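See structure below.
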Amino acid sequence: MSLVLFTSDIRAELIRLLEKCEAGQIFILMDENTSHDCLPVLNNDKITPEHLIVVPAGENHKSLASVEMIWRRLSEQGARRDALLINLGGGMVTDMGGFAASCFKRGIKFINIPTTLLAQIDASVGGKTGIDFNGLKNEIGTFSLPEAVIIAPCFLKTLPRRQLLSGFAEMLKHGLLSGGRHLRKLLTSREIDTSDREFLCLVEESVNFKERVVKTDPTERGLRKILNFGHTVGHALESIAMREQAEFYHGDAVAYGIIAELYLSVLKMGFSRDIYNRVRQFILDLYPEYTFSLSSELLYERMLHDKKNQGKGVNFTLLEDIGKPVIDNYCSREEIMTALSVLPKTD
Ligand SMILES: NC(=O)c1ccc[n+]([C@@H]2O[C@H](COP(=O)([O-])OP(=O)(O)OC[C@H]3O[C@@H](n4cnc5c(N)ncnc54)[C@H](O)[C@@H]3O)[C@@H](O)[C@H]2O)c1
């Protein structure tokens, strides 16, 4: 049975789930934004203020120091093994809360309520939990499944547009990988309207697609690698943006990564140049132009350090066609440099 529940009535769904879980104390983990914007929506009298745990917002707080604070709070409040942790927030909160719960007293139950589009589409599925450590993203973590994930569109109302775009890039990726109606609908949407029923159906389709992939290959040995599409170039872009301290989100990097990797697919796999042109223009129209300039040389060098490589060059998931991904393609330096030249502001 699917762990992911979609609802337009988050309070009713949560009450039903809490009854089913038969938990002892209930704790809610949030960051300072979701405690302000999202907690009031839950408004549940089973939860008392001493059971609320708030961490500062932002990726740099997805840390061991924050986890220690969470464990201390659970311990001081006398949390038992039957306690339940509700993680209410974006991927930072759900990743870190899942990790904290998976270790506390050798594992307590947790429920994820993702409140960003990225967390709903991507972080909600697959059981990956973790924190950043020693300057490395998601260096420490576990595979641990929540009791359930509740996806409620109402939370997206307060989400800034830049954050919406970040999640939308992953939806676009899922559309290209799964093909058909999903992608056509995405490419015809001119703006992201989170109250549009059609958009919410696409969110659901996107989550279901990721669930199917993850179920087939939970430990990322084969099929799950298709989800890396757009991410080899994307991660390199993200790390350069981070170094430049530019305001450039994960989803922005993935969107531009999709452009370059789709072009590689044109070069190597015979992917349609027309569709590539359409997707490229769609991304350029929707996503903010990045402010930093890029050297293809530097991007390439970053890609060589990608952990998916196995000493044979740079590894990509590419597309033969929409809905036809192929994993483990090693591309030559020359091919990669040609593909990078289609990105704006590269030399
Ligand atoms: N586990 C996985 O499979 C997986 C997959 C993808 C990403 N991730 C992780 O997810 C994290 C990124 O997730 P994210 O983009 O959701 O970041 P995030 O959790 O940092 O949230 C982004 C910002 O939005 C704010 N916010 C969240 N919900 C809001 C709401 N409803 N209204 C207003 N503001 C809100 C947050 O406070 C934060 O400032 C990264 O740490 C990444 O590693 C995990």
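The values are calculated or read from the model by the stated rules, or taken from the named source; none is laboratory data. Every value quoted in this text rests on a predicted model; they were computed, and no experiment measured them. Don't worry about glycine lacking a Cβ; one is built from the backbone with ideal geometry, like all the others, and counts go over all protein chains shown. To get the accessible areas, we keep the full protein, side chains included, count just its heavy atoms, and leave off ligands, DNA and RNA. Shrake-Rupley method; radii C 1.70, N 1.55, O 1.52, S 1.80 Å.
General remarks:
- Where Rh is the Kirkwood radius over Cα pairs, Rg/Rh for the range 1-112: 0.93
- Translational diffusion of the chain, estimated by Stokes-Einstein from the Kirkwood radius over alpha carbon pairs at 20 °C in a medium of 1.002 mPa s, is 103 µm² per second.
- Relative contact order, percent, the chain [alpha-carbon distance under 8 Å, six or more residues apart]: 14 percent
- Crossing angle, helix 250-269 versus the chain [Cα axis fit, 0-90 degrees, rounded to tens]: 40 degrees
- Among Leu39, Ala65, Gly78 - extreme Cα towards positive end, dipole of the range 35-98, charges at beta-carbon: Gly78
- Considered as an equivalent ellipsoid built on the Cα gyration tensor, the range 35-177 has semi-axes of 24, 18, 14 Å, the largest given first.
- Here Cys154 and Thr48 are evaluated by their C-beta separation; at R0 = 25 Å the FRET efficiency comes out at 0.60.
- Long-range amide H partners of Val314 with built H, under 5 Å: Cys331
- Taking the DSSP bridge list for the chain and keeping only pairs wholly inside it, about 30 percent are antiparallel.
- Across all directions, the average flat footprint of the convex hull enclosing the Cα atoms of the range 93-248 is 10.1 nm².
- Probe 1.4 Å - accessible area at Val254, Å² to nearest ten: 0 Å²
- Between the amide H of Ala148 and those of Asn112, distances stay under 5 Å, these residues lying 5 or more places away or on another chain, with hydrogens modeled in the peptide plane.
- Solvent-accessible area assigned to carbon and sulfur over the range 179-233 amounts to 50 percent, based on a 1.4 Å probe.
- Only helices enter the 222 nm calculation for the chain: every DSSP H run of n ≥ 4 contributes -39,500 (n - 2.57), and dividing by all residues gives -14000 deg cm²/dmol, rounded to 500.
- Solvent exposure of the range 125-221, expressed per residue, is 48 Å² of accessible area, with all protein chains present and a 1.4 angstrom probe.
- Under a 5 Å amide H cut-off, with hydrogens placed 1.01 Å from N, Phe6 pairs with Ile151 among residues at least 5 apart or on other chains.
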